1. So Arg91 ticks every box in (1) at pLDDT 90 or above; (2) among the charged types (D, E, K, R); (3) out of contact with any helix residue (DSSP H, G or I) (no Cβ under 7 Å at 6 or more places or on another chain) but one. Which box is left unticked?
2. Can you tell me which residues in region 38-57 are within 14 Å of Ser69 (Cβ to Cβ) and either in contact with a Leu (Cβ under 9 Å, 6 or more places away or on another chain) or not in a helix (DSSP H, G or I) (or both)?
3. Return the residues of region 71-86 that are free of Cβ contacts under 8 Å to residues at least 24 places away in the same chain and not in a helix (DSSP H, G or I); say none if nothing qualifies.
4. Just to be sure, is Ala35 part of a helix (DSSP H, G or I) and touching a helix residue (DSSP H, G or I) at 6+ places or on another chain (Cβ under 9 Å)?
5. Could you pull out the residue among Arg59, Arg84, Arg31 that is on the phi < 0 side of the Ramachandran plot and modelled with pLDDT of 90 or more?
6. So how many residues does region 14-32 have that are exposed (fewer than 15 other Cβ atoms within 10 Å of the Cβ) and not in a helix (DSSP H, G or I)?
7. List the number of the failed condition for Ser124; all other conditions in (1) crowded, with 18+ Cβ neighbours inside 10 Å; (2) closer than 23 Å to Pro171 by Cα hold.
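The values are calculated or read from the model by the stated rules, or taken from the named source; none is laboratory data. Being a predicted model, the structure only gives us computed values, none of them experimental. Here the Cβ positions follow ideal geometry from the backbone for every residue, glycine too, while neighbour counts run over all protein chains shown. These accessible areas exclude ligands, DNA and RNA; they are computed on the full protein's heavy atoms, side chains included. Shrake-Rupley method; radii C 1.70, N 1.55, O 1.52, S 1.80 Å.
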Amino acid sequence: MGRKQKVEINRLEGIIEAILFTMGNSVELSRIAAAIEHDEATTRKIIYNMMDKYEAQDRGIRIIELENSFQMCTKTEMYEYLIRIAKQPRRYTLTDVQLETLSIIAYKQPVTKLEIEKIRGVKSDHAVNKLIEYNLVCELGRLDAPGRPLLFGTTEEFLRRFSVHSLDELPSPNPEQVENFKTEAEEEAQLKLKV
């Protein structure tokens, strides 16, 4: 096989690999052949060659044939490692709303949901529930007041995630920024009253 032909085969294998990886499910031979602009017999030979390569090499994936279709999947001997990953706790990304709610709780704790909502100006049930689910916030007890509302505070996980040893290490709010926030909040409240 000449160098030019080998380069072309490698290119076609790359295309087929991308198709099977991206599609996830099985893809009909005819569709793959149409995509690489070759006949089905040639396409099948290329795929069989790829299947042999995957089996011969110490790879985590393989290609299987299912009724004239092909699918890329994980080798069964890799399942043990996949299970280890699946059992690891999921990473999460906090939304702006959740970060805002978390900062209120961190600086005002112990704090009730009503106090959080007064500061934010909107309902905060969903954000508080998500923060509890992420183990960043917990219930600290109940306020000794009518209705005995729940009090919320941060957890040790919060300290770990934000790399602080205690709440005393949280940065102090800039007094100038606090004044700006108060002014913005008052202007916003006035606009709502006018509407």
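1. Going through (1) at pLDDT 90 or above; (2) among the charged types (D, E, K, R); (3) out of contact with any helix residue (DSSP H, G or I) (no Cβ under 7 Å at 6 or more places or on another chain) one by one, Arg91 breaks only (1).
2. Result: Glu40, Thr43, Arg44, Ile47.
3. Residues of region 71-86 that are free of Cβ contacts under 8 Å to residues at least 24 places away in the same chain, as a first pass: 73-86.
Residues satisfying the conditions are Cys73, Thr74, Lys75.
4. Here the answer is yes, as Ala35 does meet what is asked.
5. Just one listed residue meets the conditions, Arg31.
6. Residues meeting the conditions: 3.
7. For Ser124, the exception is condition (2).
Yes/no per residue for (1) open to solvent by 80 Å² or more (accessible area, probe 1.4 Å); (2) outside any helix (DSSP H, G or I); (3) of a type outside the set (Phe, Trp, Tyr):
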residue	(1), (2), (3)
Glu139	yes, yes, yes
Phe152	no, yes, no
Glu157	no, no, yes
Ser163	yes, yes, yes
